[in-house]
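The values are calculated or read from the model by the stated rules, or taken from the named source; none is laboratory data. Since this is a predicted model, take the numbers as computed values, not measurements. Glycine also receives a Cβ, built like all others from the backbone with ideal geometry; neighbour counts cover every protein chain displayed. For accessibility, only protein heavy atoms count, side chains too; no ligands or nucleic acids. Shrake-Rupley method; radii C 1.70, N 1.55, O 1.52, S 1.80 Å.
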Amino acid sequence: MTTELFTGAEMVVKALSALKVKYIFGYPGGSILDLYDAIFQQDEIEHILVRHEQAATHMADGYTRATGKVGVVLATSGPGATNCVTGIATAYMDSIPMVVLAGQVPTTLIGNDAFQETDIVGCTRPIIKHSFNCRDLAEIPNIIAKAFYIASTGRPGPVVVELPKDLLIPQNKAPFNIETNVKMRSYNPNIKGHPKQICKAAKTISEAKKLVVYSGGGIILADASQLLTTLVETLKAPITNTLMGLGGISGTHKNFIGMLGMHGSLEANKTMANADVILALGARFDDRVTNNVEKFCPNATIIHVDIDPTSISKTINAHIPVVGLVDIVMQQLLDELNEINYSPDEEALKDWWQQIKVWRDIRSVSYEQGANEKIKPQRVIEAMYKITNGEAYVASDVGQHQMFAAQFYPFAKPRQWINSGGAGTMGFGLPAAMGVKLAFPDKHVICITGDGSIQMNIQELSTCKQYNLPVVIITLNNRSLGMVRQWQDMVYGGRHSSSYMESLPDFCKVAEAYGHIGIQIDTLDELDAKLEQAFSIKDKLVFVDVLVDEKEHVYPMHIRQGGIDDMWIKKGVKT
Amino acid sequence: MRHILAILLENEPGALSRIVGLFSQRAFNIESLTVAPTDDNSISRITIATIGNDRVLEQIVKQVNKLVDVIKISELTDRKHVERELLLVKVAASNSKSRTEVKRITDIFRGSIVDIGKQIYTIELTGNSEKLNAFIETLSNETEIIESVRSGCVGIARGEKAMRV
Ligand SMILES: Cc1ncc(C[n+]2csc(CCOP(=O)(O)OP(=O)(O)O)c2C)c(N)n1
Ligand SMILES: [Mg+2]
């Protein structure tokens, strides 16, 4: 009997097929040409050729955030691999599963400063969940299977696999064996909440007079929004979402009090500050949420549910920590509440909601648009919401436009809102939107961006043409690095050091040059009609360049070093 | 507070660098670190001596545990344990007075002289870190210390319980 033998390159492709991968996002180069040759000779997996490896990582990332499937990136050794670093860090900060296959010089040359040799495993060590150096060709399939398993379980994250060239070449072959049901003695993602902690949590909740649910990206990652909605409706409690958690519960749900944190709603931050019990679900008390930790919600008992024990009591001490997958823990909690015949304290709830209404009525998330004024950026988001019925996928870049989108586009469903929250990576938006469009060609996919951010990956307009990815790009063009400028206005005495963009290109012409459609919007009276037009074009990418008021700031905004509810409500008005 | 942590991890390339990287990335202290394979060659054991308050220690333990290659971590200093460190030290022993003194001190500390040169004695001593400190201080009052090396501490819990996979 003879066993069939395969090259390492063939094994990579076979392993990816076995793991049901449909797309690879990448860019070729010397050390991985054998792998590209293997990709060429099959048709189960499609390779998407980007124009810069950073975009490959963001595109894979966007694809993953929208679908929940692990994104796969392929880059050559040296500069190809280092170009992935920002995208890996972005995925890491937001716990996005991703597998990055990076080429490497032949094992015989490693350590010799060979052409295009970079220790990519070393470079990425602090920004990955795990990484593998392949040194034996026969191990490739199982290493890839492990990489997928590690990336997608527990607290998800990116995994880097380094593939030296001599493991991929046609001269070296080995039998193909893969174990897709991975078990590792050193890695068992903890799954269920400890029953004692669940009991404590349920008891604390049942005694609460001013409960608030604070949920984050963990809900989205765990596909737990249905359960979250049930839990919130059982508790009849107010719920706030982090920037990463938007869509975890419908943005129009009556219990939803808006996003919290630096640019969150006043009512969300006030509710947190005045709560007696905070139920944190898949959120990590990020400094953009807490403001000054010393002043954080002093009267609250904190129940913190998270799959990652390191997130618990890292910045804010949790009184009742519960380590476990958030969906499973929520179900345990519901069962326990049922067990103890829980019913909410209606009297207390009435007072609590009355109080919240007072804060809500301040309408902190609002803006004023005069008929003859320049277009307000918020107005663009509202128009975009109306035209798409609130059903679009919105991938965002980073800056003021991102916060306006988060504030003025209430997301009905999880995975609709795609943004780089933890890393805040400008240049994320367009490639991320492309990844979403690839997965959902029939849905509206918007890239909301700024004149600064769009230029950080604008070359991808070419990829959009090649693969027919008709996303709608909406640039809130304020001729400046708006978010930087806002800080300079508020904190640096109005000194606009390098935050003004001179010599901006004519974006519509740029889009046209790449074979797309450009639509310019300069005045309020043409806004709605032209946006309608943009969304009515289904088969071509439309680049909408909207001139917006460059003076507009994002409000509300935390007052630095204050408590969570110390905020600027609008220019010159504090809480 | 000083803490000693024992870590069992996969004996794989890169595993140690992840531990070291983690400590520097998160600004945790390392006072000493030792590593070697255990009786099971697929597993390495690391002993780290670190300094930090309870909050920091909690994060260290959790963060180390989160590393994919780490199988187990346990703190030795919160229970009865044995702690040892090895010292090798070269001292000047150029006249008979200093030679007798060095020999006397070494005996008191239950060390042994492992090499003798014309001008130099090399001494070996094991014990906990404090004992080693005291020895060096005593020696340095009597003679000149020419070179010294310490292994960093290793430790093991007392009693029936074992840290195994
Ligand atoms: C790669 C990267 N570099 C720098 C920053 C810092 N930064 C945050 S927002 C911002 C301005 C973004 O400008 P623009 O895209 O025009 O958006 P706007 O704020 O004007 O809406 C900058 C420079 C960042 N987040 N990412
Ligand atoms: Mg701008």
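Odds and ends about this structure:
- Under a model in which nothing but the beta-carbon of Lys, Arg (+1) and Asp, Glu (-1) is charged, chain A shows a dipole of about 960 debye around its Cα centre.
- Under Stokes-Einstein, with the Kirkwood radius over Cα pairs as Rh, the value for segment A:100-180 at 10 °C and 1.306 mPa s is 118 µm²/s.
- Of all accessible heavy-atom area on segment A:377-554, the percent that carbon and sulfur account for (1.4 Å): 49 percent
- The sum of -39500 (n - 2.57) across all DSSP H runs of n ≥ 4, divided by the residue count of chain B, sets its helix-only mean residue ellipticity at 222 nm to -9500 deg cm²/dmol.
- Among residues other than A:Lys146 with Cβ under 11 Å from its Cβ, the summed charge is -1 (Lys and Arg +1, Asp and Glu -1).
- In nm, spacing of pseudo-spin labels at B:Arg110 and A:Gln520 (7 Å Cα→C-beta vector): 8.9 nm
- Accessible-area composition of segment B:82-154, carbon plus sulfur, in percent [1.4 Å probe]: 48 percent
- Prolate is the label for segment B:122-165, because a/c, from the alpha-carbon gyration tensor with a ≥ b ≥ c as root eigenvalues, is 1.5 or above and a/b exceeds b/c.
- Heavy-atom accessible area with a 1.4 Å probe sorts A:Lys551, A:Lys165, A:Lys376, largest first, into A:Lys551, A:Lys165, A:Lys376.
- For segment A:469-518: span of alpha carbons on each principal axis (Å, largest first): 43, 21, 11
- Computed with a 1.4 Å probe over protein heavy atoms only, the accessible surface of the protein assembly as shown comes to 43 Å² per residue.
- Scattering curve values for segment B:2-75, log₁₀ I(q)/I(0), Debye with Cα scatterers, q = 0.23, 0.25 Å⁻¹: -1.03, -1.22
- For the chain pair A and B, the interface hides roughly 1700 square angstrom of accessible area in total, found with a 1.4 Å probe.
- Apportionment of accessible area to carbon and sulfur, segment B:2-75, percent (1.4 Å): 53 percent
- Annotation: aspartates and glutamates with alpha-carbon distance below 14 angstrom to B:Lys66 (same-chain offsets under eight excluded): A:Asp306, A:Asp308, B:Glu10, B:Glu58.
- Residues whose amide H falls under 5 Å from that of A:Thr76, counting only those 5 or more places apart or on a different chain, are A:Tyr27, A:Ala81, A:Gly103, with hydrogens built in the peptide plane.
- Between the residues B:Thr38, B:Ala49, B:Val114, the greatest Cα displacement towards the positive end of the dipole of segment B:37-165, with unit charges on the Cβ of Lys, Arg, Asp and Glu, is found for B:Thr38.
- Under 15 Å, Cβ to Cβ, from A:Cys464 - net charge with Lys/Arg +1 and Asp/Glu -1: +2
- Extending 7 Å from the Cα toward the beta-carbon at both A:Leu5 and B:Arg84 defines two label points whose distance is 5.0 nm.
- Gain in span if fully extended, A:Asp335 to A:Lys574, counting 0.36 nm per residue against the direct Cα distance: 81.7 nm
- In chain A, taking the dipole from charged Cβ atoms about the Cα centre, the farthest positive-side position among A:Ile446, A:Ile205, A:Thr271 is held by A:Ile205.
- Here B:Glu160 and B:Thr34 are evaluated by their C-beta separation; at R0 = 22 Å the FRET efficiency comes out at 0.35.
- Net length available on complete extension from A:Arg495 to A:Ala529 is 8.5 nm, with 0.36 nm assigned per residue and the Cα-Cα distance removed.
- Computed lengthening from A:Gln354 to A:Thr108, 0.36 nm per intervening residue step minus Cα-Cα distance: 81.4 nm
- In a reduced charge model with +1 at each Lys and Arg Cβ and -1 at each Asp and Glu Cβ, segment A:150-225 shows a dipole moment near 520 debye about its Cα centre.
- Nearest 10 degrees, 0 to 90: helix B:129-142 Cα axis against chain B principal axis: 20 degrees
- Under conditions of 4 °C and 1.567 mPa s, segment A:195-360 yields 84 µm² s⁻¹ as its translational diffusion coefficient, taking Rh as the Kirkwood radius over Cα pairs in the Stokes-Einstein equation.
- Dipole magnitude of segment B:82-154 about its Cα centre (Cβ charges: Lys, Arg +1; Asp, Glu -1), debye to nearest 20: 240 debye
- Beta bridges assigned by DSSP with both partners in the protein assembly as shown are antiparallel in approximately 45 percent of cases.
- Volume of the convex hull of segment B:1-136 (Cα atoms only), normalised per residue: 141 Å³.
- Near the amide H of A:His130, within less than 5 Å, lie the amide hydrogens of A:Val160, all on another chain or at least 5 residues away, with H placed in the peptide plane.
- Taking a point 7 Å from the Cα of A:Gln369 along the Cα-to-Cβ direction, the residues of segment A:538-571 with backbone N closer than 17 Å to it are A:544-555.
- Placing unit charges on the Cβ atoms of the charged side chains and taking the dipole of segment B:82-154 about its Cα centre, the candidate lying farthest along the positive direction among B:Val149, B:Phe135, B:Ala93 is B:Ala93.
- Helix-only mean residue ellipticity at 222 nm for chain A, each DSSP H run of n ≥ 4 adding -39500 (n - 2.57), per residue, nearest 500: -10000 deg cm²/dmol
- Value of Rg to Rh for segment B:82-154 (Rh from inverse mean 1/r over Cα pairs, i.e. Kirkwood): 0.95
- Residue-count net charge about A:Tyr23 - beta-carbon cut-off 13 Å; Lys, Arg +1, Asp, Glu -1: 0
- According to the Kirkwood relation over distinct C-alpha pairs, the hydrodynamic radius of chain A is 24.9 Å.
- Computed on the Cα trace of segment A:480-575, the radius of gyration divided by the Kirkwood hydrodynamic radius gives Rg/Rh = 1.11.
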